[in-house]
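To keep things clear, I will list the structure first and then write my remarks on it.
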Amino acid sequence: MVFDAQEARCRFGDSHTTVVLWQRFEVAHRQMFDSLDAALVFLRNNMFRPTRTELHIHRGGHDILITGEELAQLVEMQTEPEA
């Protein structure tokens, strides 16, 4: 299945989201946001230099984990100006 960043933003935009920033093998920073968009703004503007970044979207008692290229697509989409 191909990841669709726009679909993810539509489905999960209002979901509580936790950003986890890793330094080597330890969690360096963890922060919860009221929405996916707020978490993406934080990621775009963060001053950390993490070795790995995870986005945990909280839906219906489960977490949806987004990392790597999928996370990069979401952050890139967030930085594009609204038309």
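The values are calculated or read from the model by the stated rules, or taken from the named source; none is laboratory data. Owing to the predicted nature of the structure, the values given are computational and were not obtained by experimental measurement. Positions of Cβ are backbone-derived with ideal geometry, glycine not excepted, and every protein chain shown enters the neighbour counts. Areas reflect the complete protein model, heavy atoms only, side chains present, ligands, DNA and RNA absent. Shrake-Rupley method; radii C 1.70, N 1.55, O 1.52, S 1.80 Å.
Numbers for the structure displayed
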item: Matching residues in the range 15-31 - criterion: being loosely packed, with under 13 Cβ neighbours inside 10 Å and within 18 Å of I64 (Cβ to Cβ); result: R30
item: Within the range 32-75, tally of residues that are open to solvent by 40 Å² or more (accessible area, probe 1.4 Å), part of a strand (DSSP E or B) and over 17 Å from S15 (Cα atoms); result: 1
item: Among the candidates L40, L74, L65, L36, residue that is in contact with a Gly (Cβ under 7 Å, 6 or more places away or on another chain), among the aliphatic types (A, V, I, L, M), at pLDDT 90 or above and within 16 Å of A5 (Cβ to Cβ); result: L36
item: Answer residue from the range 32-52, given it is of a type in the set (A, V, I, L, M, F, W, C), free of Cβ contacts under 8 Å to residues at least 24 places away in the same chain and out of contact with any Ser or Thr (no Cβ under 9 Å at 6 or more places or on another chain) and is farthest from Q73 (Cα to Cα) among those; result: M47
item: Close pairs from the range 8-31: first closer than 18 Å to I57 by Cβ and part of a helix (DSSP H, G or I), partner open to solvent by 50 Å² or more (accessible area, probe 1.4 Å) and not β-branched (V, I, T), Cβ under 8 Å, at least 6 apart; result: A8/E70; R9/D37; F12/R59
item: Yes/no for Q78 being among the polar types (S, T, N, Q), in a helix (DSSP H, G or I), surrounded by 14 or more Cβ atoms within 10 Å (Cβ to Cβ) and more than 10 Å from the chain's Cα centre (by Cα); result: yes
item: Scope the range 50-78; condition out of contact with any strand residue (DSSP E or B) (no Cβ under 8 Å at 6 or more places or on another chain) and at negative phi; matching residues; result: R59, H62, E69, E70, A72, Q73, V75, E76, M77, Q78
